[in-house]
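Every number in this text was worked out from the coordinates using simple rules, so none of it is lab data. None of the values given here were measured: they were computed from a predicted structure. Here the Cβ is made from the backbone with ideal geometry for all residues, glycine too, and neighbour counts use every protein chain on show.
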Amino acid sequence: MNLKNCYNFDDFRKLAKKNLPAPIFHYIDGGSDDEVTLKRNTESFSKCDLVPSILASVGEPDMSTEVLGKKIKMPLFLSPTAMQRLYHHDGDKASARAAEKFGTFYSMSTMGTSSIEEISNISGGPKLFQLYIHKDQSLTDNLIDRCKRSGFNAMCLTVDTVVAGNRERDHKWGFTTPPKLTLKSLLSFSLHPKWSMNYLTHKKFELANVSHFTKKGSSIAKGVMEYINEQYDPAMGWKDAEYCIKKWGGPFAIKGVMSVDDAKRAVEIGASAIMLSNHGGRQLDGSRAPFDQLPAIADAVGGKAEIILDGGIRRGTHVLKALSLGATACSFGKGYLFGLGAGGQKGVEAVLQRMQEEIRRDMILLGCKSVKDLNKSNVAFR
């Protein structure tokens, strides 16, 4: 199996599983607790159907949209995801280059394994930085200031990770950052010699954006869950979010909004966008799927803030359903991370190519000339 034989999400997932040691693969693939929300995120899209219009003279559809202050070539971009160095030795750089090639946002996590400055130097495409509130405010301020100097276009604050979710697969498979050999993981690492050799012979693993502030998660074997629990501020509140919005002074999204009241409050404090997300089903299991909450939130704040649907995106039809119900754009994480694990930058490009082709083809079949024309009349709930 190779990239040329990957036609959909499941194909890229299978190839990534073949390439990656089990602890690494399951860190991407898993969710929290019983993984109910993880499954529900995608299943929720099947609750409604697309209703096509015929003889619409579509021609070449316009897939572009404007979000977070930038016009992007398709209404889908890369969600911020941590520690991409684990999935391929080029990590964040591979993803950033692929996103630039397709004219869409690359989103960088605070817990990236390349630095803000490195990504700025290698990518001229649209860039979003994902911020966490740390107990040490000087670290938070430092990240915002560096993003300003490095020309990042937008910022989002993730608010659903004040403590780490219970990701039981990580315990079962012995996932740590950086990876370390245990009796349980040794066999899996030995069965993936190419990954192991690339990991050992390329740049040392570190959380490049915070390593000068803390050694946790970089120079010693420290689980990502422990890092979150020790470094992120569980007392984070609305005043912290408002402070970050004002300090940044540009397009700003709050990521992790799931209720109508919180969406309204986000608009009130000055957020220009809302990322409707449950962290990919990796935090509070049993919570609602973003797609299920989309209509109510779009009714409440549509037109006052951009709405980005994050979670469960596997197909172009999922993107079109979300846009029909009021989303400005969508973002996805697992989809491109499996591409990264399957083939580095070429793998991410292959995923984006497939999604771009699906969105274009589905727009033509739907009778839609522009994503701006999508509305509730394009979907019907059963």
DSSP beta bridges in the chain: the antiparallel percent, rounded to 5, is 20 percent
Environment charge of Q84, counting only residues whose C-beta is closer than 14 Å and scoring Lys/Arg +1, Asp/Glu -1: +1
Is any helix in the chain, taking whole DSSP H runs, at least 24 angstrom long along its axis by alpha carbon and on average at least -0.5 on the Kyte-Doolittle scale, and which ones? 334-366
Centroid-to-centroid separation of region 282-313 and region 117-138 [C-alpha atoms, Å]: 24 Å
Could you pull out the chymotrypsin sites (Phe, Trp or Tyr not before Pro) across region 114-211 that fall in loop regions by DSSP (anything but H, G, I, E, B) with no more than 14 other Cβ atoms inside 10 Å? none
Regarding region 3-381, what are the three Cα extents along the principal axes, ordered largest first, in Å? 61, 49, 40
Report the full-extension gain for the segment K246 to R149: residue separation times 0.36 nm, less the Cα-Cα distance, to one decimal in nm. 33.3 nm
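Which value, in debye to the nearest 20, describes the size of the charge dipole of region 3-381 about its Cα centre when Lys and Arg Cβ atoms bear +1, Asp and Glu Cβ atoms bear -1, and nothing else is charged?
The dipole magnitude comes to about 960 debye.
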Please list, or write none, the lysines whose alpha carbon is within less than 21 Å of the alpha carbon of K18, excluding same-chain residues fewer than 8 places away. K4, K172, K180, K184, K194, K334, K346
With a Förster distance of 30 angstrom and the Cβ-Cβ distance between N121 and S190, calculated FRET efficiency to the nearest 0.05 equals 0.25
The base-10 log of I(q)/I(0) that the Debye equation returns for region 1-129 at q = 0.09, 0.11, 0.14, 0.16 Å⁻¹, one scatterer per C-alpha, is -0.37, -0.55, -0.87, -1.08
Within region 337-361, whose backbone N sits under 18 Å from a point 7 Å along Cα→Cβ of Y7? 350-361
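Sum up the charges of everything whose Cβ sits under 15 Å from the Cβ of E100, counting Lys and Arg as +1 and Asp and Glu as -1, but leave E100 out.
Around E100, the charge tally is +4.
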Full extension between K39 and L365 adds, at 0.36 nm per residue less the Cα distance, a length in nm of 114.6 nm
Which of H212, C48, L191 sits closest to the plus end of the dipole of the chain, meaning its Cα is farthest towards the positive end, when Lys and Arg get +1 and Asp and Glu get -1 on the C-beta? L191
